[in-house]
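Working notes, structure below.
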Amino acid sequence: MFASTRLAHLLSAIPRQFFRQSTERHQADRYVKRCTSWQLLVTLISGHVTQALSLRSLATFSETLGPHSYHLKAGSVARSTLSDALNKRDYRPFQDLCELLLRGISRQHQKEVGAVVSLIDSTSITLRGPQFDDWTAATKTRITQGLKVHVGLDLAQLAPVYVNITPANVNDLSDALKMPIQPGMTYVFDKGYCDYNWWYQLQTKGAFFVTRLKKNANVRVLHEHSNATEHSSVMADEVVQFGKKRLAGKRLNDYLETPVRRVVVEREEHATPLILVTNDFTRTAEEIAALYKDRWKIELFFKWIKQHLKLKRFYAFSENAVRLQIYSALISYLLLQLFHRRSAFTGSLFEFTVRIAHVLHERSAPSEVADRRRQKREKLKAAQGSLQL
């Protein structure tokens with residue numbers, strides 16, 4: 001009985017026909033004789049999972065793909081060929097694949113649980129030095145230089161549902177204004193995304209938001225929404241209205257006459273309370289406070305991908321190569337999440353990743369193959385039995 005390798009199982013979530021069509025549309029493999037975009041993708045994913053330290057170690061690992069090249073459609077790649085591919089292969093097929101996987105995760109979760117909570121934030125990828133300065137120096141800020149990765153993270157799955165890569169000087173709010181808004185979604189973000197008109201846009205499109213209110217915000221209390229309980233950390237739960245008619249740049253405040261909810265939460269070891277604002281009048285004040293507290297999970301996500309995937313050292317120095325490595329890292333994370341969910345492994349994603357890294361070329365035991373086929377047959381029978389004729 002034939003059994004695929006663990007690496008093949010990891011890659012099985014990628015729709016190869018979609019990736020091939022995207023490669024053809026962007027002409028990424030035009031005139032390519034060695035190291036196609038698919039082979040580069042497989043090699044980079046393997047490098048992220050195994051934490052390949054350098055381009056040389058990545059090329060050395062690719063030699064182990066040779067015996068499995070028939071099923072993986074990828075094999076050994078020389079170091080010089082890999083370097084050329086990183087600098088010349090168009091990153092847009094990788095971006096298209098990443099966005100497809102993100103949409104799939106978002107749709108599946110909404111189908112299963114309905115409303116989704118998305119944590120919004122960004123992280124900087126620092127790129128300094130003579131080899132990076134040619135294309136990063138012009139967009140550097142006082143704080144950082146390089147690229148910025150904007151992410152919307154699904155709170156339940158801790159998996160991204162939105163990703164965009166921009167120069168370091170692009171403001172977080174500027175990217176959020178272009179982000180697609182999903183009705184029913186609850187967006188949680190910090191004060192860096194303070195724009196009343198954007199908040200109003202979220203509400204008019206059927207979405208909810210939870211964020212911090214600035215100290216100098218001009219608001220007028222209309223009435224109490226709920227009374228604070230004796231043992232709760234919630235100090236106040238009020239319905240308020242913005243009193244500022246115009247915003248910066250003499251823009252009219254679209255949220256002027258629409259009431260919002262202000263929740264004041266006591267913070268341990270802090271003299272000042274946490275003041276939150278939301279357009280969600282259904283959740284309790286404690287649930288609103290807990291949602292904002294969960295915003296730190298996106299910081300843990302950024303920490304995870306930087307520590308356990310290759311996002312601190314880069315195999316090449318051009319902008320195209322860096323974008324390829326970032327998108328392949330995000331694709332690797334999504335594939336590991338999906339594989340972890342399909343497997344029976346009960347440990348953490350980190351433990352699962354470490355185990356997979358050491359058995360990438362091992363084949364599944366015959367009993368595992370039989371169990372998977374049996375599960376597929378049961379799902380097929382269940383789907384056939386539910387057909388409405």
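Within region 3-11, identify whether any single residue is part of a loop (DSSP other than H, G, I, E, B), on the phi < 0 side of the Ramachandran plot and basic (Lys, Arg), and answer yes or no.
Among the residues of region 3-11, not one is part of a loop (DSSP other than H, G, I, E, B), on the phi < 0 side of the Ramachandran plot and basic (Lys, Arg), which makes the answer no.
With the condition kept exactly as written, say whether any residue in region 30-43 is among the hydroxyl-bearing types (Ser, Thr, Tyr), touching a Lys or Arg at 6+ places or on another chain (Cβ under 6 Å) and in a loop (DSSP other than H, G, I, E, B).
Within region 30-43, not a single residue is among the hydroxyl-bearing types (Ser, Thr, Tyr), touching a Lys or Arg at 6+ places or on another chain (Cβ under 6 Å) and in a loop (DSSP other than H, G, I, E, B).
Confirm whether Tyr193 is in contact (Cβ under 8 Å) with a residue 40 or more places away in the chain and touching a helix residue (DSSP H, G or I) at 6+ places or on another chain (Cβ under 6 Å).
yes
When you scan region 211-223, how many residues do you find that are crowded, with 18+ Cβ neighbours inside 10 Å and either among the aromatic types (Phe, Trp, Tyr) or farther than 16 Å from Met179 by Cβ (or both)?
2
Say whether the condition of being surrounded by 17 or more Cβ atoms within 10 Å (Cβ to Cβ), farther than 30 Å from Thr144 by Cβ and of a type outside the set (A, V, I, L, M, F, W, C) is met by at least one residue in region 183-194.
So far as region 183-194 goes, no, none of its residues is surrounded by 17 or more Cβ atoms within 10 Å (Cβ to Cβ), farther than 30 Å from Thr144 by Cβ and of a type outside the set (A, V, I, L, M, F, W, C).
Taking region 300-315 as the search range and keeping residues that are exposed (fewer than 13 other Cβ atoms within 10 Å of the Cβ) and farther than 15 Å from Leu147 by Cβ, which one is modelled with the lowest pLDDT?
Filtering first and then ranking leaves Gln307.
Consider region 4-25. How many of its residues are in contact with a Lys or Arg (Cβ under 8 Å, 6 or more places away or on another chain) and modelled with pLDDT of 95 or more?
1
Give the residues of region 134-180 that are in a loop (DSSP other than H, G, I, E, B), of a type in the set (A, V, I, L, M, F, W, C) and surrounded by 17 or more Cβ atoms within 10 Å (Cβ to Cβ), sorted by residue number.
Leu155, Ala168, Val170
The values are calculated or read from the model by the stated rules, or taken from the named source; none is laboratory data. Keep in mind that what you see is a predicted model, and the values were worked out from it rather than measured. Don't worry about glycine lacking a Cβ; one is built from the backbone with ideal geometry, like all the others, and counts go over all protein chains shown.
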